[in-house]
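Remarks on the structure that follows.
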Amino acid sequence: MVFIQLFYKAKVKLPAIVWSALFASSAIGLMSSSAIAVEPQTAQPDASPMLIAEAATTSSNIDQVISTANSLEGGDPVNEAEQDQVTSVSQLTDVRPTDWAFQALQSLVERYGCIVGYPDKTFRGNRALTRYEFAAGLNACLDKIQELIAAATADFVRKEDLEVVKRLQEGFAAELGALRGRVDALEVRTATLEKQQFSTTTKLSGNVWFNYSGATSFDKNIRYEGFSGDPADARFRAARNANGTPVVLTTDKAQPTASFLTWLNFNTSFTGRDSLLIQLAAGSGISPANQFASAGFFNSFGVPFTDQTGGDTNGRADVVIHDLFYTFPLGEKVTVTVGPRVNWYRYFDFNRYTFFITGASSFDSIGSTLSNAIDRGSGAVIEWNISPKLRFAAAYLGENTEFLPARFGFNTSSNPQFGLFGGTNTSTAELTFSPTRNINVRALYTYTRQIAYGNGQVGGATGEPIPYGYLDAGPGFSTIDPVTGAINGGLKSATSHHMGISADWAITPKFGIFGRYGLGWTTLQPVDKLVRTQAFQAGLGFPDLIKKGSLAVVTFLMPMDIQQGRRFFAAGGGDGGTMYELEASYYYPITDNISLVPAFYAIFNANNFDSNPNIYVFNLRTQFSF
């Protein structure tokens, strides 16, 4: 660079303000690039390095350049002799304080007195100039600076100051070098990220789970209710004998399985405060405990949440849209979420010890078994953070669950036969009270309308607060037609209410307790009969057990106790018993992105048969996040 070469030849070291002022001023016009421009152009900050490099190759002797300038005839009609010296930048009528190089120009004019204007008191910062004008202006500034150094003017540059700067440079040479290296490396990494980034508005994240699961009754027969011949992954109907009692079958076999589940999240923000989320899912799991389950109990007791299939054909790894919704703020305290596939569990029934990634791990233990008939649905959620201690959330969702096949009458919100309001839907309200950071108490209410299956039964995946089994109009219905094999349960629809309360309390940083209780009642139509159920869960949490970031959870629960209306269960009523579960899981982070989660479940009175032997389940989950 010509600046560096000239200052080196002059054997001076300049303060930082001079360097910055000279470089900036050159870019606004006095030292702009007419010689390398084909036609005049507006000066920009990146123009000065081009000029400086060109000037360095054109002239190695500044005195010769100045001499040539003085003897030049022709060229720019306004030469150096015609320019008047100004003493204040305010004298230049076309320079404004808002100009990007105003401070640099002000320093050169008022502090160093080496910039001149035109006779009409203009600076013409956007005008191109010749190399000779460039050289003349630079020489004037160099002369003035050397005068200041020689005179050691107290108000300007002092030799003592230069010595201090020199000592500081020498003393921090290593640090400055290291910092320069880190900046260079950061620039390289930034350039690489800009080239390789997925999107300027969208972030990609994901979770992958590998599952190894086994379930056993130690070769003892387990009684379950269902339709004879239906495999474990297709027990989606119940049947009664001619005498009106549910059909009961037995099995004692369940082989261990290995499966996977993966979620990919595309999170897009357009304003920095909003979020458009698209979550894709694919999985292959049919967990072994399902071999022992009655119709309507698929993916319930003894089944790890991540040991599932993403789509509507169990065991087939189809890629499906799991979540699809848009979230945006309304003011500072209210957030609204709308979409065709909103995930209910993102907004309700949370508990610090039962979040499935780090806490309790089975379908029955990660949330209330009675709370909601719709996992994903079309509609809206409103969240209101009333205060740091109070949060209110409300939602309306029409059923649109990715794992339920539309061909069997599901996904009613997108089916014009039912629509957003005429099919299965749910309305929810929840109030959360957090008196301290360690205590959360939640009160939840849900109203649900369920459409009966094509066979006239209500229940299964959309049956809550009847979480398991299938309901019909009672004995005399759901019998098998001897000719067609068809079943008619006699129901058209059902309406239900659920009220629940839950709490979690981190008593110490390494120990906490939690619990849930729910009560639900369902009215069957057109028979106008009532079915009432209840459920509870209690547990202990042990954060940071053995390793920081880990979490051990032990929980005991009753997923469904039938208090009234057992006669309407075509499957799930059992022999009058009540099922209980004991679970233990341990989340162990190996790294920030890889974790191991062993879990053990014991199921008592499976399928609500007091006469059933116990079932034991083991699951080892490897979990990856990115």
**Study point:** Selection count where residues are open to solvent by less than 10 Å² (accessible area, probe 1.4 Å), within 10 Å of GLY490 (Cα to Cα) and not hydroxyl-bearing (Ser, Thr, Tyr), scope the stretch 459-478
**Key:** 3
Study note, to complete from the structure: Residues of the stretch 391-421 being in contact with a strand residue (DSSP E or B) (Cβ under 6 Å, 6 or more places away or on another chain) and of a type in the set (A, V, I, L, M), in sequence order, are ALA393, ALA394, ALA395, LEU397, LEU420
Exercise for review: Look through SER362, SER371, SER378 and report the one residue that is of a type in the set (Ser, Thr, Tyr), modelled with pLDDT under 95 and crowded, with 20+ Cβ neighbours inside 10 Å.
Suggested key: SER371
Practice item. Determine if the stretch 410-427 includes at least one residue that is of a type outside the set (D, E, K, R), open to solvent by 40 Å² or more (accessible area, probe 1.4 Å), assigned to a loop (DSSP other than H, G, I, E, B) and in contact with a Ser or Thr (Cβ under 7 Å, 6 or more places away or on another chain). Key: yes
Exercise for review: Might you let me know whether the stretch 260-283 holds any residue that is in contact (Cβ under 8 Å) with a residue 40 or more places away in the chain, closer than 26 Å to ALA406 by Cα, open to solvent by less than 40 Å² (accessible area, probe 1.4 Å) and in a loop (DSSP other than H, G, I, E, B)?
Suggested key: no
Revision key, fill the gap. Scanning the stretch 298-320 for residues that are over 23 Å from ALA599 (Cβ atoms) and either of a type in the set (S, T, N, Q) or surrounded by fewer than 16 Cβ atoms within 10 Å (Cβ to Cβ) (or both) gives THR313, ARG316, ASP318, VAL319
Practice item. Can you tell me which residue within the stretch 341-359, out of those that are out of contact with any Asp or Glu (no Cβ under 7 Å at 6 or more places or on another chain) and open to solvent by less than 50 Å² (accessible area, probe 1.4 Å), is nearest to ILE501 (Cα to Cα)? Key: ASP349
Revision key, fill the gap. Pairing a residue in the stretch 491-516 that is open to solvent by 60 Å² or more (accessible area, probe 1.4 Å) with any residue that is in a loop (DSSP other than H, G, I, E, B), where Cβ atoms lie under 6 Å and the two sit 6 or more apart in sequence or on different chains, gives LYS492/ALA452; LYS492/PRO526; LYS510/ASP544
Exercise for review: Name, by its number, the condition in (1) of a type outside the set (Gly, Ala, Ser); (2) under 26 Å from GLN534 (Cβ atoms); (3) assigned to a loop (DSSP other than H, G, I, E, B); (4) open to solvent by 60 Å² or more (accessible area, probe 1.4 Å) that does not hold for ARG449.
Suggested key: (3)
Revision key, fill the gap. Scanning the stretch 452-479 for residues that are within 26 Å of TYR580 (Cβ to Cβ), assigned to a loop (DSSP other than H, G, I, E, B) and aliphatic (A, V, I, L, M) gives ILE466
Point to revise | Positions within the stretch 439-484 being among the charged types (D, E, K, R) and in contact with a Gly (Cβ under 9 Å, 6 or more places away or on another chain), in sequence order | key: ARG442, ARG449, GLU464, ASP472
Study note, to complete from the structure: Residue pairs within 6 Å by beta carbon, gap of at least six or interchain, first lying in the stretch 218-239 and farther than 11 Å from SER294 by Cβ, second at pLDDT 95 or above and hydroxyl-bearing (Ser, Thr, Tyr), listed first then second, are ASN221/THR250
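Test of understanding: among THR200, THR192, which residue is closer than 30 Å to ASP592 by Cα and in a loop (DSSP other than H, G, I, E, B)?
Exactly one residue qualifies, and that residue is THR200.
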Review point. Among the residues of the stretch 238-255, how many are over 38 Å from the mean Cα position of the chain (by Cα) and surrounded by 19 or more Cβ atoms within 10 Å (Cβ to Cβ)?
Key: 5
Review point. Given the structure, is LYS492 at pLDDT 95 or above, over 37 Å from the mean Cα position of the chain (by Cα) and basic (Lys, Arg)?
Key: yes
Check your understanding: How many of the residues in the stretch 549-560 are open to solvent by 30 Å² or more (accessible area, probe 1.4 Å) and free of Cβ contacts under 8 Å to residues at least 40 places away in the same chain?
Key -> 2
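The values are calculated or read from the model by the stated rules, or taken from the named source; none is laboratory data. All values reported here derive from a predicted model rather than from experimental measurement. Positions of Cβ are generated from backbone atoms using ideal geometry, with glycine treated the same way; all protein chains shown enter the neighbour counts. Calculation scope for accessible area: heavy atoms of the full protein, side chains included, ligands and nucleic acids excluded. Shrake-Rupley method; radii C 1.70, N 1.55, O 1.52, S 1.80 Å.
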